[in-house]
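A short worksheet on the structure shown next.
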Amino acid sequence: MGTRAQSAPPRLVKTGPSTQLLVDGKPFLILGGELGNSSSSSTAYLQPVWPKLQAMHLNTVFAPVYWELLEPTEGRFDFKLVDELLADARRHQLKLVLLWFGAWKNSMSVYAPAWVKTDPSRFPRATDAQGHPQEILTPFSAANLEADKKAFVRLMQHLKQTDSRTHTVLMVQVENEIGMLPEARSYDAAAQAAFAQPVPEPLLTYLQRNSASLRPEFAAQWQRHGAKTQGTWTEVFGPGVATDEIFQAWYYADFTNTLAAAGKAAYPLPMYVNAALNYRADRLPGQYPSAGPLPHLADVWEAGAPSIDILAPDYYNPNFRYWSDLFTRNGRPLFTPEIAFEPGDDAKALYAFGHYNCLSFSPFSIESTDKPAQEPIGKAYDLLQQITPLLTKYQPLGAVRGFLQAKDSAAGHATLGDYRFTVKHDYTLGWAPDAKKPDWPLAGGLIISVAPDEFYVVGNSLVINCEPTAAGKKAGFVSIDEGRFVNGAWVPGRRLNGDQNHQGRHIRLEPGSYAIQHVKLYAY
Ligand code: DGJ
């Protein structure tokens, strides 16, 4: 890579079916963890945390930057914490994704500095339908936007000055889990005035230009009311809380976009927003944090916030596939900024990078472990780190498949090269002592095809059968070698045969093995 690619800031590029994050000219997979909310407010508090992160093979830390501490007095900025964070990350060979806890954090505005929070006549609040003010800055206020934007731009300018050569900071999250409560929209005076106005032109144009590819539930809301191309919010989307939420989402997106565009003008890092997912289908807008970058509002957010590169889910329930499928509609990349730090993350990480070509994985409150060296996520990250060059080379060619197997999963199937693979949880063999237990841990992995008959199989607790795509033939193993990639070069260990491949019947990644196996097949 030339010097230009090396000095360019991290950036997102579309490569074949996948989106890649290029850092110093090379595709980078974020093997991350997010710090607890208050952890990066003290440099000293983080000191014992850094070695833990290294022991778990993280390459990136998601760390908040707090508006209240960055600009404690209006117009006076204190970058000490940010500078120390960058210095410590570099000392520990870690990258950073910075989380801007600005106007909104989990719907609320608790990270706004005191001079903002205590002056509601200058920095107005969202209100409920009865006019009661909430601890939420309204997005319908130029003063709120201006104040938040000024601080955010100062942060980006500072990153440009201090990090544009080193690229320790890879991306920035704008705000955190934006959402409206306890109503689907605000009823403050400016919001009321905006609600009486026609739907803004850019959203109407977007609807018409993209009518064939709108997410179906959003298209249905528009079509149910006549697919109108002009009118007020209630005329275009109908009366009710669903329309209230669309309206509020548009103005949240617009506010966030102004921030992101101004921040990128200072220093153009990729930027994303994260969503608090609504796990209960029976809850109406206003009953869950509403109007954030949720799947049913993705079109509104994409239309309103073109400077935001990615809408990202925060996973705090088991339906990993369901939400990932929703967030990757229309070819959008999967980016995981937060997932509950719990058993099964290792399998989900391997699956997410293999199946969704995801850009990032990141358990929340990553520093909370006392046994970092034993954490399964660290074992999965060790594998993913080793195979990053291979994965990022073959993902754009469509030559990678991921698997996630629970006790009740149907077998996974994939055709790669000249072979078809059937992937099951290892416990289906009945050989592992724990296979008799009622609960099985999640198993995950991936297969990379480097030639029509040559594969790397990566993961844990899976058993895999192979058959040729050519009719009437069976598959045999030329060889199976376990091994590791050391600085990108394959270093084989044992030749696996006999009991280890059940006398040529299958590939087995034994429970707890977190293995890479190099497999060559032939047909007979
Ligand atoms: C999601 C938020 O984005 C995080 O900051 C944190 O509050 C977790 N929820 C839960 O602890």
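Data overview
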read-out	value
Helix 345-355 vs. the chain, principal-axis angle (Cα, 0 to 90°, nearest 10)	90
The chain: calculated mean residue ellipticity at 222 nm from DSSP helix runs of at least 4, using -39500 (n - 2.57)	-9000 deg cm²/dmol
For the range 88-175, the spread of Cα positions along each principal axis, largest first, Å	52, 21, 19
Ala489-Ala44 FRET efficiency (beta carbon distance; Förster radius 45 Å; 0.05 resolution)	0.65
Dimensions (Å) - the range 419-491, Cα atoms, principal axes, largest first	41, 39, 16
Projected label distance in nm at Arg165 and Gln208, using a 7 Å step from Cα toward the beta-carbon	5.2
Volume per residue that the Cα convex hull of the range 400-523 spans, once the total is divided by residue count, Å³	104
Estimated dipole of the range 415-524 in Debye, rounded to 20 [Cβ of Lys and Arg +1, of Asp and Glu -1, Cα centre]	160
Links that overshoot a 22 Å alpha carbon limit, given the list Lys371/Lys437; Lys160/Lys264; Lys474/Lys520; Lys160/Lys393; Lys26/Lys393; Lys473/Lys520	Lys371/Lys437; Lys160/Lys393
Hull volume in cubic angstrom per residue (convex hull over the Cα atoms of the chain)	162
For the chain: relative contact order, % (alpha-carbon pairs under 8 angstrom, 6 or more apart)	14
Cα centroid separation, the range 451-471 to the range 4-62 (Å)	31
Gain on full stretching of the segment that runs from Val450 to Arg90 - 0.36 nm per residue minus C-alpha separation	126.2 nm
Average projection area in nm² (convex hull over Cα atoms of the range 357-442, one quarter of hull surface)	7.9
Positive-end residue of His518, Gly430, Ala443, charge dipole of the range 422-524 with Cβ unit charges	Gly430
Residue-span extension gain [Ala143 to Tyr279] - 0.36 nm each, minus C-alpha spacing	45.6 nm
Three-way shape call for the range 304-366 based on the alpha-carbon gyration tensor, with the a/c threshold at 1.5	prolate
Length released on extending from Ala471 to Ala114, taking residue separation times 0.36 nm less the Cα-Cα span	121.3 nm
Alpha-carbon gyration tensor eigenvalues x 5, square-rooted, for the range 1-67, Å	29, 14, 13
Separation between Cα centres of the range 135-168 and the range 325-342, rounded to whole Å	25
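No value in this document is a laboratory result; all are computed from the given coordinates. As the structure is a computational prediction, the values presented were derived from the model and not from experiment. Neighbour counts are summed over all protein chains in view; Cβ atoms, including those assigned to glycine, are modelled from backbone coordinates with ideal geometry.
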